[in-house]
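Below is one structure; the comments refer to it alone.
The values are calculated or read from the model by the stated rules, or taken from the named source; none is laboratory data. Only a predicted model underlies this, so the values are computations on that prediction, with no experimental measurement involved. Glycine gets a Cβ as well: all are built from the backbone with ideal geometry, and neighbour counts include every protein chain shown.
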Number of protein chains: 2
Amino acid sequence: RGPREVWKKGGRLLSVLLAVNVLLLACTLISGGAFNKVAVYDTDVFALLTAMMLLAVLWILFYLLRSARCPDALPYLDAHAGPIWLRGGLVLFGICTLVMDVFKTGYYSSFFECQSVIKILHPLIQAVFVIVQTYFLWVSAKDCIHVHLDLTRCGLMFTLTTNLAIWMAAVVDESVHQAHSYSSAHGNASHTRLTSDPERTGSTAGGDPCPCDTAICQIFQQGYFYLYPFNIEYSLFASTMLYVMWKNVGRLLTSSHGHGHAPPRVSLFRETFFAGPVLGLILFVVGLAVFIIYEVQVSGEGSRTQEALVSYYSFNIVCLGLMTLVSLSGSVIYRFDRRAMDQHKNPTRTLDVGLLMGAALGQYAISYYSIVAVVVGTPRDLLGGLNLAHALLMIAQHTFQNVFIIESLHRGPPGEEPRETPNKEPCQGLTFANLDALHALPACPSTPRLASPLEGPPEAVTIISTPRGHWRRRCLKDISLFLLLCNVILWIMPAFGARPHFSNRVEVDFYGSSLWAAIVNICLPFGIFYRMHAVSSLLEVYVLS
Amino acid sequence: RGPREVWKKGGRLLSVLLAVNVLLLACTLISGGAFNKVAVYDTDVFALLTAMMLLAVLWILFYLLRSARCPDALPYLDAHAGPIWLRGGLVLFGICTLVMDVFKTGYYSSFFECQSVIKILHPLIQAVFVIVQTYFLWVSAKDCIHVHLDLTRCGLMFTLTTNLAIWMAAVVDESVHQAHSYSSAHGNASHTRLTSDPERTGSTAGGDPCPCDTAICQIFQQGYFYLYPFNIEYSLFASTMLYVMWKNVGRLLTSSHGHGHAPPRVSLFRETFFAGPVLGLILFVVGLAVFIIYEVQVSGEGSRTQEALVSYYSFNIVCLGLMTLVSLSGSVIYRFDRRAMDQHKNPTRTLDVGLLMGAALGQYAISYYSIVAVVVGTPRDLLGGLNLAHALLMIAQHTFQNVFIIESLHRGPPGEEPRETPNKEPCQGLTFANLDALHALPACPSTPRLASPLEGPPEAVTIISTPRGHWRRRCLKDISLFLLLCNVILWIMPAFGARPHFSNRVEVDFYGSSLWAAIVNICLPFGIFYRMHAVSSLLEVYVLS
């Protein structure tokens, strides 16, 4: 392998600058294209995205070729990176994206003669990009590459930027579509702040030269909008994996780091009390029913919107309340847990924590705006009260769930000997860090010394951890499965189009439709991403606890 | 001192959650209050800010009392935190804020009978807050406290949040004022997206029951708006210092860390070639003249706006071009520099780097939106060309200046022996990290071993660093002084009200006034903060190089 890097931050600086500039350019074009007053056409956006995807594919092929040719380039693998559920989710969402691309190609081919060629090229190139990238991430998510550091960093950052640009474009396109369908269903144009030109959505506006009026074209159009959530999640999953690879470029791992502890093979559901999954499944099914009823009632005639909102909010309040209580009890269980905290450096976990905290901001912001609108606004009725309770519980649920997940991710796996933390000047001769023992000790002299992970005698640990660990472990598994299922149903509702934020008139009347639409359209994608990311983190908690 | 903390991230989590929630609540109220359609009144915002400041003052007094009583609480001081120029700047901006508070009190007292009492109370409480906080930061910016960890973290985060809320309120108030004065000067109301209700700004709208028409009231009003930039910088400086204190809570420092290297006392200007400061001063004076002429011409009759814009853009292009070249040559000089990179953990520096990169995003975004507007928009004239060149140079200048500053901050001080990096498994027996020697070495075996900072023989280093170091050092000092003066003049222009973004009609016509006003009003505060922060970082570069 090559010589040790002298200044890692300097190597990263270049790639970050590249990514920031490309991302801002894409952001400018995409946001400009979303406003129909602005003379940026969606063909410009498509052309930019297509060019970026082609470049990223070329770089990925180059990377795969090079790492196949020179096996010395990869001296280490990061065991924490790219766990199987993340890669499995990526493949699943990738397949859905491919289906979406088929639908999109079909949709644009329906009126081939009056479209620019880039619109049909774009989904085809996207399909190639998805296939190549999924293979690449499946094969090399764990790599810690040690040759061509700067080039690899730039390539990874560029691919990451491409994924984020695709994500932004999809979110904007979906918001435009939502605003459009909402305003056409309600017959007023006050919500179409993000209106699209008729040519883009191929809507049935009068005088459109290329109407999408055949049955198959309608199916294609409907289909690809229902598949957008999967495309969005695919881009975000790929981005997180690319980020971890980027952090791992040029990383040196000691041998104990490199091998890590493979998560124990668990037999699914055998170690739970069944209460969590059963309760979770009940909530999931009820939630699905509530969601379908809500969609039917809201998109039908306007008279039943009130009922739909009441049932929607009631279900959400019950669900969020239960989740809050369950997360809290999980945190309480940890207060009695004697497993040491794992303080190893772990880019995957740091990223997970950062994303959970960051993505929660989106839902927090929406909730605070709702609270202010309900509290300050004058008409206080049942719906206002439900809305207020919903917003407050949403904040509580995000907070306590984050606390629970973050604490879980930092616990060592069960039965493992708690070991020293190499970076923190451990006390001499303290082999396993029982918390009580640590508190009882006099203050450790902070002499830095050789910090190789000392393997404690496994017997001693077994004696400590076995007798009382079992019921706690089963409880934690129940809790994580319950939270997981609840997060899935709370992901489905907004991802597939429930927008009580607009059906409920409180905030729209208080803030005005354009401001409120901007708030929701910017913050909600983060809220949706939070749910999906919480699901993947809770799966990890389930396996590890 | 207390027992070692078991899980530092867990301790931080609570305070971050508190800060996020308080900040979002403040953000909601402040942004809601900025739109006059929304029924959030500025008295609500003032009441919230006053309550937050009172709480923060109480906590600060409690902290000062406690740390005075129990001197064991502070076993270490972080030598990098709170350097003298940051604390000096804080005191300077604090004094200006006090003057602003006097003006504000005078302004609101002018029509005492028809104001709510909170509006007069608010500047008074703010004055108390500024005095107490400035004293607190002056005394304890370097503290690494080791008692009541969680409480201290929450207190620091709450004080930080208070400062950020004050910053947001000031920025919003200034944007409202700018939009108001711009639209009243140009006689059209298309820019008043952020219009305020007449009661708030006390403007001379017809039918106002409390007009500000006495001479002294007008002076107070003018004065306090001109002092806003200092208040804004004060809040941001205090925030950065509080953040570093928060990072230092519970931090353990080895003795070599604790003492650090005090920056050598330099005799100002003696070690430069004078070219940098002289050229910088010339640009500063010319820039000031251009700025005054611009302000006079734009605020006068509309016919001379074109001329004013041409001179403004021309000056900026020359200035930015020179800064880009100078930053680049600084980076070139570093390629010949043999000082090792300092890889110690240093929260102050990490924050500085993050803020430089993050704050630059604001100006980047504005520039990219300008570029798209000029390139895609149809009318291409002199002004469009100047605007395009200005935007491109702005991006280049931010990029290269950031690269130069970040590399400078990571160099060790001159003449210091380059030492081993404790966290990076240094090669055995490699005492000082000459870059050439490091590359020539075979790959170091990555055996983790005791990484105490080995003191190399000082003679050897002196022999290496003295003969060629001198002209490079003087060059670097020249470069940093030149960049510093340029950044000051580029701070003055937008901070005191130059808005070519609106006078120049290209972007307004392209994006529509409301979208463009939103972009500029959100991004420009970060751009202004970037300039001030670059000045403080360049001062550090000047002292250290």
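A few remarks follow.
- Sole exception among (1) buried (at least 17 other Cβ atoms within 10 Å of the Cβ); (2) more than 15 Å from B:Val57 (Cα to Cα) for B:Phe158, by number: (2)
- Taken over the stretch A:116-134, the residue count meeting the criterion of being within 21 Å of A:Ile95 (Cβ to Cβ) and touching a residue at least 40 places away in the same chain (Cβ under 8 Å) is 9.
- Within the stretch B:151-172, residues that are closer than 15 Å to B:Leu242 by Cα sit with their Cβ atoms under 8 Å from residues that are of a type in the set (D, E, K, R), at 6+ positions apart or across chains, in these pairs: B:Arg153/B:Arg12.
- Tally, over the stretch A:358-372, of residues that are at the interface with chain B (Cβ under 7 Å from one of its Cβ atoms) and among the small types (Gly, Ala, Ser): 1
- Qualifying residue in the stretch B:84-95 (condition: crowded, with 16+ Cβ neighbours inside 10 Å, more than 30 Å from B:Val244 (Cα to Cα) and of a type in the set (A, V, I, L, M)): no
- Search result, residues across the stretch A:373-395 that are more than 10 Å from chain B (Cβ to nearest Cβ), crowded, with 18+ Cβ neighbours inside 10 Å and touching a residue at least 40 places away in the same chain (Cβ under 8 Å): A:Val374, A:Leu383, A:Gly384, A:Leu386, A:Asn387, A:His390, A:Leu393, A:Met394
- Any hit, the stretch A:58-77, residues being touching a Leu at 6+ places or on another chain (Cβ under 9 Å), aliphatic (A, V, I, L, M) and either more than 14 Å from chain B (Cβ to nearest Cβ) or crowded, with 19+ Cβ neighbours inside 10 Å (or both): yes
- Every test in (1) away from every other protein chain (no Cβ under 12 Å); (2) in a helix (DSSP H, G or I) is passed by B:His344 save one, and that test is (2).
- Any chance A:Arg349 is more than 11 Å from chain B (Cβ to nearest Cβ), within 30 Å of B:Lys345 (Cα to Cα) and modelled with pLDDT under 90: no
- Residue, surrounded by the fewest Cβ atoms within 10 Å (Cβ to Cβ), within the stretch A:500-538, restricted to residues that are hydroxyl-bearing (Ser, Thr, Tyr) and within 18 Å of A:Leu484 (Cα to Cα): A:Ser536
- Residue among B:Ser370, B:Ser311, B:Ser329 that is surrounded by fewer than 19 Cβ atoms within 10 Å (Cβ to Cβ), in a helix (DSSP H, G or I) and touching a residue at least 60 places away in the same chain (Cβ under 8 Å): B:Ser329
- Some residue of the stretch B:4-27 being more than 23 Å from the chain's Cα centre (by Cα) and β-branched (Val, Ile, Thr): yes
- Tally, over the stretch A:95-115, of residues that are touching a residue at least 24 places away in the same chain (Cβ under 8 Å) and aromatic (Phe, Trp, Tyr): 3
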